[in-house]
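Everything below concerns the one structure shown next.
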Amino acid sequence: MFNGLADWWDGVELWLAQAWFPVQFVLVMVVVVPLCLAAAWVLDKLVGLFARRLTPGRDDDSSDTPA
């Protein structure tokens with residue numbers, strides 16, 4: 001199974017490397033840029049989630065609030 005996947009990927013890679021530059025550019029803009037944006041969005045949400053869980057909230061620190 002992995003040999004078939006590797007052969008397919010090699011074929012795609014060879015086709016892309018031999019493609020005309022404007023075709024490569026369009027493929028990057030249509031495929032790679034949205035994938036990178038989605039990955040950045042997911043990482044941002046995960047880091048924000050972990051940061052909220054690891055840092056105390058404003059309500060937890062009652063020593064600074066006036067009585």
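The values are calculated or read from the model by the stated rules, or taken from the named source; none is laboratory data. As the structure is a prediction and not an experimental result, all values here were calculated from the model. Every residue, glycine as well, gets a Cβ built from its backbone with ideal geometry; the counts of neighbours run over all protein chains shown. Heads up: the accessible areas ignore ligands, DNA and RNA and are worked out on the full protein's heavy atoms, side chains in. Shrake-Rupley method; radii C 1.70, N 1.55, O 1.52, S 1.80 Å.
Going out from 0 in 10 Å bins, what whole percent of all Cα-Cα distances in segment 1-54 drops into each bin?
Percent of Cα pairs in each bin: 21, 27, 27, 18, 8.
For the pair residue 21/residue 37, report the inter-label distance in nm, with labels modelled 7 Å from Cα in the Cβ direction.
2.5 nm
What accessible area, in Å² to the nearest ten, does a 1.4 Å probe give for residue 50?
Rounded to the nearest 10, that gives 120 Å².
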